[in-house]
Amino acid sequence: MGKLSFEQLVDLFLLLSVERIGPAKIRALLSKFRNLQNILNASVNELQEVEGISKELSSRIRKISSQRNDIKSFVEDELTKLKKIGGRIVTVWDEDYPPLLKKIYDPPLLIYIKGSFDERDKYSIAVVGTRVPTNYGKLQTEKIVSELASQGITIVSGLARGIDSIAHKTAMKNNSRTIAVIGSGLDVIYPPENKKLFDEISEKGVIISEFPLGTKPDAVNFPKRNRIISGISLGTLVIETGINGGAMQTARLALDQNREVFAVPGNLGVRQSEGTNLLIQRGEAELITSAEDILTELELKLKPVIGKNIPKPERDLNIFEEKIYNSLTTEPLHIDKISELTNLSTSDCLVHLLSLEFKGLVKQLPGKVFGLI
């Protein structure tokens, strides 16, 4: 739909205010009605044609427009307050909405942010763990985050006490980007002792919240928060956590989102290591001992920063193969697009792509579409 106008933003808030209507149902409605206004104008019978929209939900959607003036006042008030604190709303249709987050099953349709996104944030790793780390956990967090930061990787965490705070502070100490995803409104800093950290991150990175201003850090908010932490990242590293810790939930969400999960092994008999050891034992997380293990596993996804920060793997390629290889990503491209990017003819591209296929570097998909292996 493109960037939303103020009235469209009001439409979105109207729909989100309907009980039991969330991002997934709104996306389903949009697939049929194309825009938010059409959804609000649709009849009960038309709304029921969408899977998951019952007669009861259809009636609620039809009635919600009567509250438009109240919602409009609410949105105006939110935008005014956000301006005062240097925040703003980013919707899933905006260009600066995080591309990785957009790919998960249930991305939030809008997020409140303070700070600015950066091109480097496309190469983010989440670092999560217990609020009560051992000295071992603290040292490992500082060591691994420092190594990741030195390679230009953005560090994502949840601004909580313990591992989260250490990860954020270490990233900034190493002049790296960091993103904090919180479980409260942008104007409610939790824990309160992290106010200085909150301010520093908002100046040098980004604070993200899915919740309206004034929202308290209630327990029910954190599972939603955790799906954003994992969803905005290429992979999630769990340093220390108990079996029932929130970091375990973040790891499970990362797996559901088809993202990599890494874990630092810990000593037996230590509660803070029970969760990480269990993830490794179940084969749900890769055992890592350094940032290099993570970078190696994510090498293709981090391809744009390989060569700048990470030694480029040795490949026996001619200049045309190298040119084509560097134009490709894990997202498949049509031969015409490859030709355009490389300034080579389609026939030349096909010859060299075949050679790259034989070398095990490129795969061909139906329709003359190619991508990295």
Exercise. GNM on the chain, C-alpha springs below 10 Å: top fluctuator among I288, I324, I243?
Worked result: I324
Exercise. For the chain, what % of the accessible area comes from carbon and sulfur atoms, probe 1.4 Å?
Worked result: 50 percent
Seminar exercise, completed: A correct Stokes-Einstein calculation for segment 1-77, using the alpha-carbon Kirkwood radius, 4 °C and 1.567 mPa s, returns a whole-number D in µm² s⁻¹ of 104 µm²/s
For this session: Report the semi-axes of the equivalent ellipsoid for the chain in whole Å, largest first, where each axis is √(5λ) for an eigenvalue λ of the Cα gyration tensor.
Result: 36, 31, 19
Exercise. Under a 1.4 Å probe, what is the accessible area of segment 17-118 per residue, stated in Å²?
Worked result: 54 Å²
Seminar exercise, completed: Per residue, the convex hull enclosing the alpha carbons of segment 61-195 has a volume in Å³ of 141 Å³
Exercise. If you wrap segment 154-200's Cα atoms in a convex hull and average its projection over all directions, what's the area in nm²?
Worked result: 2.9 nm²
Exercise. Which percentage, to the nearest 5, of the DSSP beta bridges contained in the chain is antiparallel?
Worked result: 40 percent
Seminar exercise, completed: Expressed in square angstrom to the nearest 10, the accessible area of R282 with a 1.4 Å probe stands at 140 Å²
Exercise. Accessible area per residue of segment 219-373 at 1.4 Å probe, in Å²?
Worked result: 50 Å²
Exercise. Given Cα pairs under 8 Å that are at least 6 residues apart, what percent is the relative contact order of the chain?
Worked result: 12 percent
Problem set entry | Distance violations [Cα-Cα > 19 Å] among K63/K102; K81/K114; K81/K204; K55/K102 | K63/K102; K81/K204; K55/K102
For this session: Could you do me a favour and compute the accessible area per residue for segment 128-184, 1.4 Å probe, result in Å²?
Result: 33 Å²
Exercise. Can you give the accessible area of D256 in Å² (nearest 10), computed on protein heavy atoms with a 1.4 Å probe?
Worked result: 130 Å²
Exercise. Kirkwood Rh, Cα Rg: Rg to Rh for segment 201-250?
Worked result: 0.99
For this session: Before anything else, pin down the relative contact order of segment 218-373: Cα pairs under 8 Å, at least 6 apart, normalised by residue count, whole percent.
Result: 15 percent
For this session: Could you give the size of the charge dipole of segment 69-179 about its Cα centre, using +1 on the Cβ of each K and R and -1 on the Cβ of each D and E, expressed in debye and rounded to the nearest 20?
Result: 460 debye
For this session: Give the shape of segment 116-268 as rounded, prolate or oblate, defined through the alpha-carbon gyration tensor: a ≥ b ≥ c are the square roots of its eigenvalues, a/c under 1.5 means rounded, and otherwise the shape is prolate if a/b is larger than b/c and oblate if not.
Result: rounded
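The values are calculated or read from the model by the stated rules, or taken from the named source; none is laboratory data. Predicted, not measured: the structure shown is a model, and the values here were computed from it. We place every Cβ from the backbone using ideal geometry, glycine too, and count neighbours over all the protein chains shown. Accessible surface areas use protein heavy atoms only, side chains included; no ligands, DNA or RNA. Shrake-Rupley method; radii C 1.70, N 1.55, O 1.52, S 1.80 Å.
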